[in-house]
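S.K.: Quick one: the structure is below, questions incoming.
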Amino acid sequence: MHFLLIHGSWHGAWCWHKIVPRLQAEGHSAHAIDLPGRGRSPARSQLVSLKSMVGAALAAMPEDQTTTIVVHSRYGVLASQLAELAPERIARTIYLASFMLPNGKAVADYFREDRDSQLPPFVDINRLGLWDWLRPEAYRHVLYHDCRDEDNALAASLLCREPLRPAIGKLRLTDDRYGRVPRGYIRLSEDRAVSPFLQDRLLNETSCDRVETVQAGHSAYFSKPDQLTAAICRIAGG
C-alpha cells in the first residue's frame, strides 16, 4: 500500500518524520511532500492556489498504483479536491483532525466558527501579501502542548508563513467523482487547534465509512506516533 502524507498550515513534509518510517516498518511505502511555498518547495504566497497545490500532490503520486492520502488540518480541502480530480488514482482519503468540507465551502467558512479552538487569536493575516502566520507564543500552548521539548524546538525552527488563497477558495465536489473515493477520519480528542467540536461537526456534515479517535493534541504525529500509525493502518485496511 502506498501513502501520501500531506501537512497542514505552517508546516512541511518534516512534520511526518516519525510516521513515514513507522508505515514503512509495517510493509508500506510512504512519502511526505512539501506543498508549494513551504519547506523545499519555495513559491511566493500570492502565486500559491488550491489548484497549484493539487498539481504538486498529483505529481508526487505514482501512476502505477493507487495512493492512500493522509491529510492533516487545513488541507483536507486539498485531499478532497484531489479526489474530485483523480478518483481513479486514490484508494482512500484519511482526514486527520482535518477540514473535510462539503461542496461549495471554504476553510474560511469554518475557521472562526470553531467555538472551542484556541488558535484564532494568534493568527495574523496579511491580505496584501496573501499569507497568514501563527504567532510563536501559540506554538506550545495550542499545537504542541502534549509533545516533547525537542519536538517543540524542531517545529519552532521550521514553521513558516502560510499562503492564504487556498483557505478562501471554495471546493467544487461531485458525488460521482469525489463521492466515490472512500473516506476515513481520525479524531484527535485533545486538539486545541481544530477542536473536537469542529471535528464532530465536519463528521456530521460529510459521511465517512471508518472513524478512529486518538487521545492526543493537534500534533499527534509528534506526541502519539505509534497510536496514530496504528489508526492510519486500521482505516486503510492494511
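S.K.: I'd like the full set of residues that are among the hydroxyl-bearing types (S, T, Y) and in a loop (DSSP other than H, G, I, E, B), limited to region 110-166. It would help to see each step written out before you state the result.
M.R.: First, the residues of region 110-166 that are among the hydroxyl-bearing types (S, T, Y): 110, 117, 139, 144, 157.
Within region 110-166, S117, Y144 meet the criteria.
S.K.: Then there is this: If G104 passes every condition in (1) surrounded by fewer than 17 Cβ atoms within 10 Å (Cβ to Cβ); (2) touching a Leu at 6+ places or on another chain (Cβ under 8 Å); (3) within 21 Å of S219 (Cβ to Cβ) but one, which one does it miss?
M.R.: Against the list (1) surrounded by fewer than 17 Cβ atoms within 10 Å (Cβ to Cβ); (2) touching a Leu at 6+ places or on another chain (Cβ under 8 Å); (3) within 21 Å of S219 (Cβ to Cβ), G104 comes up short only on (3).
S.K.: When the residues of region 38-79 are filtered to those that are under 21 Å from A97 (Cβ atoms) and basic (K, R), which remaining residue is surrounded by the most Cβ atoms within 10 Å (Cβ to Cβ)?
M.R.: Out of the qualifying residues, it is R38.
S.K.: Residue check: is H7 in contact with a helix residue (DSSP H, G or I) (Cβ under 8 Å, 6 or more places away or on another chain) and crowded, with 18+ Cβ neighbours inside 10 Å?
M.R.: Against the criterion (in contact with a helix residue (DSSP H, G or I) (Cβ under 8 Å, 6 or more places away or on another chain) and crowded, with 18+ Cβ neighbours inside 10 Å), H7 qualifies.
S.K.: Report, ordered by the first and then the second residue, all pairs with beta carbons closer than 8 Å, sequence separation of six or more or different chains, a first member in region 49-63 that is touching a residue at least 40 places away in the same chain (Cβ under 8 Å) and over 15 Å from T93 (Cβ atoms), and a second member that is part of a helix (DSSP H, G or I) and basic (K, R).
M.R.: Taking only residues 6 or more apart or on different chains, the pairs are S49/R165; L50/R165.
S.K.: The conditions are (1) assigned to a loop (DSSP other than H, G, I, E, B); (2) touching a helix residue (DSSP H, G or I) at 6+ places or on another chain (Cβ under 7 Å), and G104 fails exactly one of them. Which is it?
M.R.: For G104, the exception is condition (2).
S.K.: Restricting region 22-62 to residues that are more than 20 Å from A86 (Cβ to Cβ), among the small types (G, A, S) and part of a helix (DSSP H, G or I), which is nearest to the chain's Cα centre (by Cα)?
M.R.: S45
S.K.: Looking for whichever is free of Cβ contacts under 8 Å to residues at least 60 places away in the same chain and of a type outside the set (S, T, Y) here; the options are L4, L35. Which one fits?
M.R.: L35
S.K.: Based on what the data block shows, is L35 under 22 Å from W133 (Cβ atoms), buried (at least 23 other Cβ atoms within 10 Å of the Cβ) and in contact with a Gly (Cβ under 9 Å, 6 or more places away or on another chain)?
M.R.: When the stated conditions are applied, L35 passes them.
S.K.: Need the failing condition index for C147 against (1) of a type outside the set (S, T, Y); (2) surrounded by 20 or more Cβ atoms within 10 Å (Cβ to Cβ); (3) closer than 25 Å to S49 by Cβ, just the number.
M.R.: (3)
S.K.: Next up: Identify, from the list L78, L96, L101, the residue that is more than 26 Å from Q215 (Cβ to Cβ) and modelled with pLDDT of 95 or more. Break it down stepwise before answering.
M.R.: Working: L96 fails: more than 26 Å from Q215 (Cβ to Cβ); L101 fails: more than 26 Å from Q215 (Cβ to Cβ).
L78 is the lone residue from the list that is more than 26 Å from Q215 (Cβ to Cβ) and modelled with pLDDT of 95 or more.
The values are calculated or read from the model by the stated rules, or taken from the named source; none is laboratory data. Because the structure is a prediction, the values reported are computed rather than measured. Positions of Cβ are generated from backbone atoms using ideal geometry, with glycine treated the same way; all protein chains shown enter the neighbour counts.
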